Every structure is written in structure tokens, then in C-alpha cells.
Amino acid sequence: DAGITQSPRHKVTETGTPVTLRCHQTENHRYMYWYRQDPGHGLRLIHYSYGVKDTDKGEVSDGYSVSRSKTEDFLLTLESATSSQTSVYFCAISGGDSYNEQFFGPGTRLTVL
Amino acid sequence: AQKVTQVQTEISVVEKEDVTLDCVYETRDTTYYLFWYKQPPSGELVFLIRRNSFDEQNEISGRYSWNFQKSTSSFNFTITASQVVDSAVYFCALNQSNYQLIWGAGTKLIIKP
């Protein structure tokens, strides 16, 4: 299994609070991704990174920011959490070129009250 | 526009039956990759297969097989002699040149003992 961890695994927070989710990999892969998974929507890309300090927006980036200061870490921040951001968040990594398969972390279940 | 459609939302079969999950995609590119992932009830996402657009050979891995047909833009997944452990949500995805995977909405497969 690819070495990907996410922290925290579960979080309950209140509307308006900032939240940071961490993805850590031990594979030295170049590409990292953040997705959210909601019933009826499948997986939707939030942001992705193609190298240290190189990031770009995905399909549903509003309300989210990311940072990647080291190859192994990719942080997702909800600046001011809203109830619509209640979801399961998955981090993924891929190596080689951008066509390669993505390997996923275990997910973080976030509840915003 | 790129799009992935998983024809069946949910399939229920009795153990040992064969079952096929249909995936139809839309793309204007000549170079692309197709993927299947499995998400068991425990929630993790497991990579199953990657296929590029230039390789239409069918793939077999144990009880799993995949049929890729460019003429019908389909990449179907068959499980032979299904088992209860095959119960999961299965996702089909399309990757082109911009790092992003286009995901289908998933097919929930229920295998009854």
C-alpha cells in the first residue's frame, strides 16, 4: 500500500472556524490531490499540486486553500468552515507522469455544525 | 466536454453470479487513460486498473476482467463468480492531460449470500 496518511481522521467543528487537514506521504510522489466525496456527487477535485509550492484549483475550490512546502506534505485549509463543507475528504498521490493512477489516503470525515 | 457515465447506480446479485458494471465516457482527445477504483464499505479507495486509449486489449485479473471498446467509448468491468467481499461502490474515471481525473458517480454493487 502507498504510504499516505491523513490527519485528523475525524473532526467536528463549528461554522466559521478555520480547519486544516493534513496529508502526508512517504512515497516521494510529485503529484498530490485533495478531493471531497459527497453522496450523489462521487469524488470532486478541490485542489492539486504538481510540485513543492506548485498548486492549482480543481472543480470545487471555493472556500478552500492549500499549501505544499515540502514534497511529503499537502495541507488543505478551510478558512471559515461552513455546513456545506461537511464531507469526507480524501488525499491522493501519484508519481511519474500525470496520467498515472492515483493512490488514496484513508480519508477524513469532517462535520461542520 | 469530458464526461464519465456509470450506467447502473446500483446492482444486486446473488453470490456466484457474474456481474458487469458499465462505464461510458466522452472525450475529444485521442490520448487518455481510463481507471477503475473500488470503495468497500470500510471507505478506502482502492485502485484496480489503468488502461490507455491505445491499448484495446481486454484485461483479466483473477475473477476480474475489463473490456475496453473505443468504438462505443466504453470500459466495462466484469466480476466472474461474485463473492460477498466484492460488495462495494465501484468508480470509473477518465484522465486526460491536465492532471485531473473525471469521475463517474459510482455503481453500488451488492452481493447477497
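The values are calculated or read from the model by the stated rules, or taken from the named source; none is laboratory data. Remember, it's a predicted structure, so these values are computed and weren't measured experimentally. No Cβ is skipped: glycine too gets one built from the backbone with ideal geometry, and neighbour counts run over all protein chains shown. For accessibility, only protein heavy atoms count, side chains too; no ligands or nucleic acids. Shrake-Rupley method; radii C 1.70, N 1.55, O 1.52, S 1.80 Å.
Tabulated data for the structure shown
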{"quantity": "Residue list for the range A:72-94, filter: modelled with pLDDT of 95 or more and either touching a helix residue (DSSP H, G or I) at 6+ places or on another chain (Cβ under 7 Å) or assigned to a loop (DSSP other than H, G, I, E, B) (or both)", "calculated": "A:Glu72, A:Leu78, A:Ser80, A:Ala81, A:Thr82, A:Thr86"}
{"quantity": "Set A:Val66, A:Val52: member being of a type in the set (A, V, I, L, M, F, W, C) and open to solvent by 50 Å² or more (accessible area, probe 1.4 Å)", "calculated": "A:Val52"}
{"quantity": "Some residue of the range B:63-72 being over 10 Å from the mean Cα position of the chain (by Cα), within 30 Å of A:Arg109 (Cα to Cα) and assigned to a loop (DSSP other than H, G, I, E, B)", "calculated": "no"}
{"quantity": "Which listed residue, of B:Ser73, B:Ser53, B:Ser42, is small (Gly, Ala, Ser), touching a helix residue (DSSP H, G or I) at 6+ places or on another chain (Cβ under 9 Å) and either open to solvent by 30 Å² or more (accessible area, probe 1.4 Å) or at pLDDT below 95 (or both)", "calculated": "B:Ser53"}
{"quantity": "Criterion: within 14 Å of chain B (Cβ to nearest Cβ), closer than 23 Å to B:Trp36 by Cβ and open to solvent by 10 Å² or more (accessible area, probe 1.4 Å) - qualifying residue of A:Gly105, A:Gly42, A:Gly58", "calculated": "A:Gly58"}
{"quantity": "Test for B:Phe91: is it open to solvent by less than 10 Å² (accessible area, probe 1.4 Å) and more than 11 Å from chain A (Cβ to nearest Cβ)", "calculated": "no"}
{"quantity": "The range B:94-113: number of residues that are small (Gly, Ala, Ser) and away from chain A (no Cβ under 14 Å)", "calculated": "0"}
